[in-house]
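These notes are about the structure you will find just below.
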Amino acid sequence: MEPENREFGRFSGKGVLITPKILERPMIKWEKLEIILYTDKVIFEFVDKKIEVKIEDIIDVGVELPKKVLDIAKATLEDIKYHSSLVVKIEGNGEVIIGFAPETSIYGKAPIDNFLRKLFYILLNEKEAKILYDVKNNETKSWEDGYLTFIEKRIKEEFVVRIERILAVKVKKGREEKIYEVFCNIKDVEIEEMEIDGEIKPVLQILQIKDKRKILSYLCTKDKKVKLFLLRYMITLLNCQHVGILRYLQDR
C-alpha cells in the first residue's frame, strides 16, 4: 500500500469549475489550474481559490463537459482539443465538475494521460475483485478471489522503450500467485448478470484477442464506484471508447 500524505502526481494547465449556478452565467471562465494528487486527497489550485477533496469524494472521471463550457473554451482559449474532467463532492456545494486541459495542444494528450494514470492507480490499486478468466464454451469454472493491481510492462514505441504500469488482476492460492492481464487487447465489454455466492450480480464480460485466440473473462467488484472507474480507465487510457457498452458511457 502506498504511504499516505505524500504527493503522487501533478497536472498544470487550465481549468474550469462547473456548478449549476455557473452554467447560468453568460460567460464561464477558464483559468490557470494546478492539480496536486496525494494518496489520500486531491487539491485544485485556481487563481483565486483552492479546493481540497478526499479521494473517496471523487465521484467520476472523464465525463463529457457541457457543450456551453466547451464552446466558450474554443472562443476564448488558444486550444481545447484535449481535455478531461473530474466529478467531485464538495462540502456545501454537492457534486461539481472540474474540467482541465493542457496549456496548448502541442503537448498532445500526454499531460492528461500521465496524470490520469496516477489517479487511476490511487482509485483502483488493491481493490477486491472476483474473476472467471478464459471461460470456454460449456465449461464450468469457479470464481477466483483476487484484487486489482498494477504491473510494470515494457512498452516499445518505434525506437523508444518505456516502462508503464498496466492494470491487471492478481489471484493468490496458498503460495501460488497468478496475474491475469485482462485489460489489454480488448475487443468487447458488456455487462451480464451471473450467480455469485448464491446471489445474482452484475459483472463485466470482457472479450480479448491474444495470439489470434479469443479469451472471454468475467470480472466482479463489490464497489459500484470501482466498477465505474474500471470502465473509465478503459475509455480514457486504453482508447476503448467505441467498444461495447463503453460507447454509451460517454453520454453519462
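The values are calculated or read from the model by the stated rules, or taken from the named source; none is laboratory data. Predicted, not measured: the structure shown is a model, and the values here were computed from it. Note that we place each Cβ from the backbone using ideal geometry, even for glycine, and neighbour counts take in every protein chain shown. Remember, those area values only see protein heavy atoms, side chains included, never the ligands or the DNA or RNA. Shrake-Rupley method; radii C 1.70, N 1.55, O 1.52, S 1.80 Å.
Per the Kirkwood treatment, what hydrodynamic radius in Å, one decimal, follows for region 7-123 from the mean inverse distance over all distinct Cα pairs? Display every interim value, and only then the final one.
Numbers: mean 1/r = 0.0699 Å⁻¹.
The answer is 14.3 Å.
When the P(r) of the chain is calculated, the portion above 26 Å amounts to 45% of the C-alpha pairs. Cα centroid separation, region 181-243 to region 51-101: 26 Å. Counted residue by residue at 0.36 nm each, then reduced by the alpha carbon distance between them, the extension gain from Val161 to Gln241 reaches 26.2 nm.
Once both labels are positioned 7 Å from their Cα atoms along Cα-to-Cβ, the gap between Ile51 and Asp188 label points is 3.9 nm. Using the alpha-carbon atoms, what tilt in degrees (0 to 90, nearest 10) does helix 67-76 show relative to the longest principal axis of the chain? Value to nearest ten degrees: 50.
Using only alpha-carbon positions, what ratio does the radius of gyration of region 125-251 give when scaled by 2.2 N^0.38 Å?
Numbers: Rg = 14.9 Å, N = 127, 2.2 N^0.38 = 13.9 Å.
Compactness ratio reported: 1.08.
Evaluated at q = 0.14, 0.31 Å⁻¹, a Debye calculation over the C-alpha positions of region 199-252 (equal weights, vacuum) places log10 I(q)/I(0) at -0.42, -1.29. Strictly over 30 Å apart at the Cα level, which of Lys41/Lys109; Lys89/Lys118; Lys109/Lys156; Lys14/Lys201; Lys109/Lys187 would you flag in this model? Result: Lys14/Lys201 exceed 30 Å. Other residues with beta-carbon under 13 Å from the beta-carbon of Lys214 carry, at +1 per Lys or Arg and -1 per Asp or Glu, a net charge of +2.
Residues of region 97-190: accessible area per residue at 1.4 Å, in Å²? Display every interim value, and only then the final one.
On the way: 5440 Å² over 94 residues.
That works out to 58 Å² per residue.
Sketch the reach of a paramagnetic label on Ile106 as a point 7 Å from Cα along Cα-to-Cβ, and name the residues of region 66-80 whose backbone nitrogen lies under 13 Å away. Label zone hits: 79.
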